[in-house]
Amino acid sequence: MSNALTASFKKFNYEKYASLIALVVLFIISSILSPYFLQVQNILNILRQVSYTGIIALGMTFVIISGGIDLSVGSVAAFVGAVGIIALNYFLPIVGNEYIAVAIGIVAALLMGSLAGALNGFMITRGKIAPFIVTLGTMAIFRSLSLFIGNAGEVRSDSNLFGNFGMNSILFLPVPVFVMLVMAAVLSVVLNQTRYGRYLCAVGSNARVAAYSAVNVDRIKFLAYTLIGLTVGISATLLSSRFNAVSTSNMGMFFELDAIAAVIIGGTPMTGGRGTIWGTVIGAIILGVINNMLNMLGVSPYLQGTVKGIVIIGAVYIQRQRA
């Protein structure tokens, strides 16, 4: 009996479930440290807080699997959020229907996010510029543009309906959490069950070999960056609707750090070639639990970035040891 048990432990894929095991351990530790941690409202608050960067991290997973990176997501979020609200406010008196005006604002934000991602993808694939350089440049460009159109202040919505949208619930889950889970399910199927997902992993593993195998490498990468632009648009819409406004100087700050951290902690290597969507979701939740636990323990918010940095470095180090 003991030999069979030992054999089953040896067969268990610890690497595949490492992030889930870490999350369970964190839940146990947090529940011991604070009796309030497992309260339903606290769990929902954690999920809501991580959902905005979690949605972006889903798109970041595709980009990192392709062998790329996107540092511009925070700046793009501020820009498209502001554009969406400006479009909403502009069309509200014209159409005279709040529902239509809100729909126009949301569509404008999603389109602008997709175009921003497509711009990054175009410069990377056609311009043959390194992803780090391109997205570092567009990070500065979109932050500057958002500050310009908002006069470095807030862009506030004139619609109460838009503000209510961000605070609603679906099936007892906050709207952004529900959206994140639905998107994770869809993108997991895309990654694991479609030709595009297989080609994406092939490109990330070895782009030259993939090209020799008749894979259109540039198209695969371009679609990955367009996808992350769309996820940024969705996240920006949900976040701006929560506050019914966009702070052009603060919105999206460090979103790129949180999104990349969630992807890495979830088990997707920075070298690309493979990854897991649900691992990214778990990685985002792990970051949320850590922040929540530090807040409950009274740790200064200025030190939380230190803990996050240590977790990221540790996750990358563990991945290097496995390679």
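The values are calculated or read from the model by the stated rules, or taken from the named source; none is laboratory data. If you're wondering where the values come from, they're calculated on a predicted model, not measured in any experiment. All Cβ positions, even for glycine, are placed from backbone atoms using ideal geometry, and neighbour counts span all protein chains on display.
For this structure, a couple of remarks:
- Matching residues in the range 269-298 - criterion: being assigned to a loop (DSSP other than H, G, I, E, B) and either closer than 25 Å to V190 by Cα or in contact (Cβ under 8 Å) with a residue 60 or more places away in the chain (or both): P269, M270, T271, G272, G273, R274, G275, T276, L297
- Highlighted here would be helices (runs of 4 or more DSSP H) found entirely within the range 1-97 that include at least 2 residues which are modelled with pLDDT under 90, crowded, with 20+ Cβ neighbours inside 10 Å and among the hydrophobic types (A, V, I, L, M, F, W, C), but there are none.
- Output for the range 254-268, where each listed residue is in contact with a helix residue (DSSP H, G or I) (Cβ under 7 Å, 6 or more places away or on another chain) and either under 30 Å from E98 (Cβ atoms) or not in a loop (DSSP other than H, G, I, E, B) (or both): F255, E256, D258, A259, I260, A261, A262, V263, I264, I265
- Of residues in the range 168-180 being among the aliphatic types (A, V, I, L, M) and in contact with a Ser or Thr (Cβ under 8 Å, 6 or more places away or on another chain), the one surrounded by the fewest Cβ atoms within 10 Å (Cβ to Cβ): V175
- For the range 123-135, the tally of residues that are surrounded by fewer than 16 Cβ atoms within 10 Å (Cβ to Cβ) and in a helix (DSSP H, G or I) stands at 2.
- Subset of the range 159-180 [assigned to a loop (DSSP other than H, G, I, E, B) and at pLDDT 85 or above]: S159, N168, F172
- Residue count for the range 103-117, restricted to those that are surrounded by 24 or more Cβ atoms within 10 Å (Cβ to Cβ) and of a type in the set (A, V, I, L, M, F, W, C): 2
Yes/no per residue for (1) at negative phi; (2) in contact (Cβ under 8 Å) with a residue 12 or more places away in the chain:
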position: I65; (1), (2): yes, yes
position: S72; (1), (2): yes, yes
position: Y90; (1), (2): yes, no
position: A101; (1), (2): yes, yes
position: K128; (1), (2): no, no
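- Search result, residues across the range 98-146 that are hydroxyl-bearing (S, T, Y) and closer than 13 Å to F222 by Cα: S114, T125
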